[in-house]
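Below: one structure, written as structure tokens.
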Amino acid sequence: MSDDDDDSEPAVALGERTPVEGAPLARVSSRLTWPKEKSEVDRLEGDSVIRTPDGARELSAVLEDVEETYFERHQEFETHVREVIGTGPIPTTDE
């Protein structure tokens with residue numbers, strides 16, 4: 001198959017777009033440099049809305065329940081946040 005082939009359809013059938021409120025936690029943590037104090041994360045990204053199994057929540061509200069005050073790496077930050085928000089399916093929004 002060459003690069004000159006002009007297929008009008010995608011190689012993989014894509015499903016319908018299902019809207020989900022909030023940003024993935026990984027996207028928010030990727031915008032920061034690590035290590036970082038919890039207060040600095042809150043200052044920089046606290047108003048970000050993240051996806052949780054219970055619906056979208058503001059990161060600042062989630063951080064109130066995180067006991068750790070300093071994160072060496074983004075993985076550590078995400079682990080502590082997931083301990084608060086839980087894991088599971090993310091609900092879709094009603095249009």
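The values are calculated or read from the model by the stated rules, or taken from the named source; none is laboratory data. As the structure is a computational prediction, the values presented were derived from the model and not from experiment. Because the Cβ atoms are built from the backbone with ideal geometry, glycine has one as well, and the counts that use them run over all protein chains shown.
Scanning the stretch 51-74 for residues that are aliphatic (A, V, I, L, M) and part of a loop (DSSP other than H, G, I, E, B) yields a count of 2. Among the residues of the stretch 33-49, the ones that are among the aromatic types (F, W, Y) and surrounded by 14 or more Cβ atoms within 10 Å (Cβ to Cβ) come to 0 in all.
For the stretch 32-56, give me each residue that is charged (D, E, K, R) and modelled with pLDDT of 95 or more.
Keep residues of the stretch 32-56 that are charged (D, E, K, R), which gives 36-38, 40, 42-43, 45, 47, 51, 54.
K36, E37, K38, E40, D42, R43, E45, D47 - these are the residues of the stretch 32-56 that are charged (D, E, K, R) and modelled with pLDDT of 95 or more.
Could you check, for the stretch 75-83, whether at least one of its residues is assigned to a loop (DSSP other than H, G, I, E, B), modelled with pLDDT of 95 or more and touching a helix residue (DSSP H, G or I) at 6+ places or on another chain (Cβ under 7 Å)? Scanning the stretch 75-83, I find no residue that is assigned to a loop (DSSP other than H, G, I, E, B), modelled with pLDDT of 95 or more and touching a helix residue (DSSP H, G or I) at 6+ places or on another chain (Cβ under 7 Å), so the answer is no. Scanning the stretch 50-89 for residues that are surrounded by 15 or more Cβ atoms within 10 Å (Cβ to Cβ) and of a type in the set (A, V, I, L, M, F, W, C) yields I50, A56, L59, V62, L63, V66, F71, F77, V81, V84, I85.
Does the stretch 8-16 contain at least one residue that is among the charged types (D, E, K, R) and at pLDDT 80 or above? Before you say what the answer is, go through the steps one by one.
So the first thing to find is which residues in the stretch 8-16 are among the charged types (D, E, K, R), and the list is 9, 16.
Okay, now just the ones that are also at pLDDT 80 or above, so none.
No, the conditions are met nowhere in the stretch 8-16.
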